[in-house]
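The values are calculated or read from the model by the stated rules, or taken from the named source; none is laboratory data. What you see is a predicted model; the values in this text were computed from it and never measured. Virtual Cβ from ideal backbone geometry, glycine too; neighbours counted across all protein chains shown. With ligands, DNA and RNA removed, areas are computed over all heavy atoms of the protein, side chains included. Shrake-Rupley method; radii C 1.70, N 1.55, O 1.52, S 1.80 Å.
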Amino acid sequence: MKRKFNASIVAVLVACCAIFIGSCSKSGDDGGSGGDYYFRFKANGATVDYSNTIKQAYYPGTTSVNTTTTGVSGFSAIISATADINQVLRNAVSVVMNGDAAFTTGIDYTTASNSPLALMNFGYYDNSGKLFVMSKSLNIVNNPGSATVRYSVINDDIIQGVFSAHLYDNTLNAHVQITEGEFRVKRKP
């Protein structure tokens with residue numbers, strides 16, 4: 001018998017990231033990165049590309065890394081993108097990570113037990129609005145999904161890297177395989 005996991009905390013985090021995406025607008029300055037931003041992946045083998053979000057006056061991803069919050073130990077990173085800023089609960093991806101050490105390049109941040117992360121929530125809303133999630137957290141029941149994020153560039157202007165995930169819906173009966181994920185997005189200050 002498959003057990004259900006409580007996805008309410010993950011859903012709230014994904015929704016918060018969606019709101020975070022909506023609050024960030026393009027200023028017209030490409031930050032010296034040349035403006036070639038992208039956010040794309042395959043979902044169950046089908047290509048998904050959120051890179052055209054820049055045409056909506058928003059960057060194709062809103063990303064922060066190595067942020068700290070008063071009263072919370074460690075460092076946080078958020079990677080988020082959506083196909084349509086006006087419909088953030090469809091065609092959207094968000095990843096929230098927290099760890100004790102600053103995020104850096106060349107390290108696989110995963111849901112594995114030996115990962116340096118204390119928390120990783122990965123959410124994907126498909127075209128119909130169905131939420132698929134994976135969570136690694138000490139405070140909630142984890143689902144059987146998995147995810148990996150690896151940064152190749154972290155500087156003052158951009159964040160670039162790759163990602164993959166195996167995500168489930170809240171019944172654990174439906175899943176999606178995210179492969180060949182790659183992003184190059186403007187870093188949110």
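Checked against the criterion of being touching a residue at least 60 places away in the same chain (Cβ under 8 Å), under 14 Å from the mean Cα position of the chain (by Cα) and open to solvent by 30 Å² or more (accessible area, probe 1.4 Å), the candidates Arg184, Arg150 yield just one match: Arg184. Taken together, the residues in the range 165-178 that are touching a Lys or Arg at 6+ places or on another chain (Cβ under 8 Å) and open to solvent by less than 50 Å² (accessible area, probe 1.4 Å) amount to 5. Just one of (1) open to solvent by 40 Å² or more (accessible area, probe 1.4 Å); (2) of a type outside the set (Gly, Ala, Ser); (3) not in a strand (DSSP E or B) trips up Val162, so point out which. Answer for Val162: the failing condition is (3).
Take Phe122 and decide whether it is touching an Asp or Glu at 6+ places or on another chain (Cβ under 8 Å) and either surrounded by fewer than 16 Cβ atoms within 10 Å (Cβ to Cβ) or at pLDDT 85 or above (or both). Step through it out loud before you land on a result.
Details: touching an Asp or Glu at 6+ places or on another chain (Cβ under 8 Å): no; either surrounded by fewer than 16 Cβ atoms within 10 Å (Cβ to Cβ) or at pLDDT 85 or above (or both): yes.
Against the criterion (touching an Asp or Glu at 6+ places or on another chain (Cβ under 8 Å) and either surrounded by fewer than 16 Cβ atoms within 10 Å (Cβ to Cβ) or at pLDDT 85 or above (or both)), Phe122 does not qualify.
Pairs are defined by a Cβ separation below 7 Å, a sequence spacing of at least 6 or placement on different chains, a first member in the range 104-123 that is farther than 12 Å from Ala165 by Cβ, and a second member that is among the basic types (Lys, Arg) and surrounded by 19 or more Cβ atoms within 10 Å (Cβ to Cβ); the pairs so defined are Leu117/Lys136; Leu119/Lys136. If you scan the range 38-59, which residues turn out to be outside any helix (DSSP H, G or I), modelled with pLDDT under 90 and aliphatic (A, V, I, L, M)? Listed by number, the list holds a single entry, Ala57.
Quick grid of which residues meet (1) in contact with a Leu (Cβ under 7 Å, 6 or more places away or on another chain); (2) over 17 Å from Val48 (Cβ atoms):
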| site | (1), (2) |
| --- | --- |
| Val88 | no, no |
| Asn91 | no, no |
| Tyr124 | yes, no |
| Lys136 | yes, yes |
| Ser152 | no, yes |
| Ala165 | no, no |
| Gly181 | no, no |
